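Peer 1: If you scroll down you'll find the structure; I have some questions about it.
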Amino acid sequence: MDCPISVQDIKERLHNSKTVVILTGAGISAESGVPTFRGKDGLWKNFKPEELATPAAFTNNPKLVWEWYDSRRRTLSKLKPNPGHIAIAKIEKLVKEFALITQNVDGLHQLAGSKNVIELHGNIWHVKCTACNKVSLNKDVPIKILPFCECGGLLRPNVVWFGEMLSDKALTKAFVASDNCDLMFVIGTSGIVHPAASIALRAKDEGAFVVEINIEKTPLSVSADATLLGKAGDILPQLL
Ligand code: BJW
Ligand code: ZN
């Protein structure tokens, strides 16, 4: 009979691992009050992704897209990291070599004290000029709709939409880290958006022990060595 892997087993493994990588998705921020994308209360409940999170959506209706990002920035500006984010920042201090790869654009990992953060899908507090490509920090809440660059070009959120390439630098760093880790945690992601999800699969192929933490099973569960079912904010502090 299979003996399920316990939180205690994973805790021991974590404390004996030299190289640890954590891949996070929207679920890590759910307990801070940030809506996830999919699922019954998700951001995609009322809008289709292609209406908001594609370059074509922005070209067709930049006002609608900016209004959506403005409302998310307003919500985020009032929210704080939760015990899951804080535990991850503590794990970074505990482990010899560590990388945090996040699909989230909310900046909550950095607010919790995480240092080595690879943002695969950009950051909601950064804007990019569609004319001169300059990227800058913009924490305006609310943001002017529509915002323009000093060069006159329209600004867009500096996030990665469907059909767009991820930053080469971020993706290379993520693959190097995940290809070389002993232990990988995959936390709070539905595991359906690529290439982010393939990072977990590659780590597994390269010999890492992969632990998923999620409130439900995902397409990644069959490839993971263990799935700890529960809230990230409950489970992660128990690993310390
Ligand atoms: C909890 C919890 C708690 C809740 N505790 N857990 C290979 C196969 C098929 C398709 C493709 C492929 N390669 C590329 C593609 C196309 C596409 C893609 O993946 N499509 C699939 C959806 C089918 N990918 C792309 O287009 C990417 N670009 C690319 O590949 O470029 C090359 C290329 C170009 C052109 C053609 C082909 C290739 C870009 C992807 C960009 C994704 N962008 C977004 C928006 C970012 C900006 C923004 O925030 O507005 O990123 S979409 C959205 O999904 C966001 C997220 O980062 C991403 C992932 O979502 P995530 O984080 O997993 O959230 P959820 O809501 O899905 O899941 C939450 C989870 O948490 C759930 O499992 C819950 O159970 C759990 N949970 N509470 C623990 N308390
Ligand atoms: Zn410009």
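Peer 1: For segment 67-82, take each phi angle, set θ = phi - 60°, evaluate the Karplus expression 6.51 cos²θ - 1.76 cosθ + 1.60, and give the result in whole Hz per residue in order, putting x for glycine and proline.
Peer 2: Computed from phi, the couplings for segment 67-82 are 4, 5, 5, 4, 5, 5, 5, 4, 4, 4, 4, 9, 9, 10, x, 10 Hz.
Peer 1: Please give the per residue accessible area of the chain, computed with a probe of 1.4 Å over protein heavy atoms only, in Å².
Peer 2: Using a 1.4 Å probe on heavy atoms only, each residue of the chain averages 50 Å².
Peer 1: Okay, moving on. As an exercise, find the ratio Rg/Rh for segment 43-137 from alpha-carbon atoms, using the Kirkwood inverse-distance average for Rh.
Peer 2: 1.03
Peer 1: Set the bar at 25 Å for Cα to Cα. Now go through 48/115; 134/173; 78/217 and name every pair that lies beyond it.
Peer 2: From the list (48/115; 134/173; 78/217), the Cα-Cα distance tops 25 Å for 48/115; 78/217.
Peer 1: Hey, another quick one. Which whole-number percent gives the relative contact order of segment 188-240, counting Cα pairs below 8 Å spaced six or more residues apart?
Peer 2: It comes to 32 percent, rounded to a whole number.
Peer 1: In what order, largest first, do 175, 148, 185 sit by accessible area if the probe radius is 1.4 Å?
Peer 2: 148, 175, 185
Peer 1: Can you tell me, using C-alpha contacts under 8 Å and at least 6 residues apart, the relative contact order of segment 1-129 as a whole percent?
Peer 2: 27
Peer 1: With a Förster radius of 35 Å, plug the Cβ-Cβ distance of residue 94 and residue 151 into 1/(1 + (r/R0)^6) and report the FRET value to the nearest 0.05.
Peer 2: Computed FRET efficiency for residue 94 and residue 151 comes out at 0.20.
Peer 1: A further question on this structure: Given contacts defined as C-alpha pairs under 8 Å and at least six residues apart, what's the relative contact order of the chain, whole-number percent?
Peer 2: Relative contact order for the chain comes out at 25 percent.
Peer 1: Which ³J(HN,Hα) values, rounded to whole Hz and listed in residue order, are derived for segment 120-131 from phi using the Karplus coefficients 6.51, -1.76 and 1.60 in 6.51 cos²θ - 1.76 cosθ + 1.60 with θ = phi - 60°, glycine and proline given as x?
Peer 2: 5, 10, x, 9, 5, 8, 10, 10, 10, 6, 6, 9
Peer 1: What is the angle, in °, between the Cα long axis of helix 83-94 and the longest principal axis of the Cα atoms in the chain? Nearest 10 is fine, range 0 to 90.
Peer 2: Around 60 degrees separate the two axes.
Peer 1: Then there's this: Mean residue ellipticity at 222 nm from the helices of the chain, using -39,500 (n - 2.57) per DSSP H segment of n ≥ 4 over the full residue count, to the nearest 500 deg cm²/dmol?
Peer 2: It comes out at -10000 deg cm²/dmol, rounded to the nearest 500.
Peer 1: Past 18 Å, Cα to Cα, is the threshold; run 18/169; 96/169; 80/139; 18/93; 63/144; 40/231 against it and keep the listed order.
Peer 2: Over 18 Å Cα-Cα: 18/169; 96/169.
Peer 1: Continuing with the same structure: Given 5 Å bins starting at zero, what is the percent of C-alpha pairs of the chain in each, up to the one with the largest pair distance?
Peer 2: Going from the shortest bin to the longest, the percentages are 1, 6, 14, 18, 19, 16, 11, 8, 4, 2, 1, 0, 0, 0.
The values are calculated or read from the model by the stated rules, or taken from the named source; none is laboratory data. Keep in mind that this is a model prediction, so the values were computed, not measured. All Cβ positions, glycine included, derive from the backbone under ideal geometry; neighbour counts span all protein chains shown. Heavy atoms of the whole protein, side chains included, go into the accessibility calculation; ligands, DNA and RNA do not. Shrake-Rupley method; radii C 1.70, N 1.55, O 1.52, S 1.80 Å.
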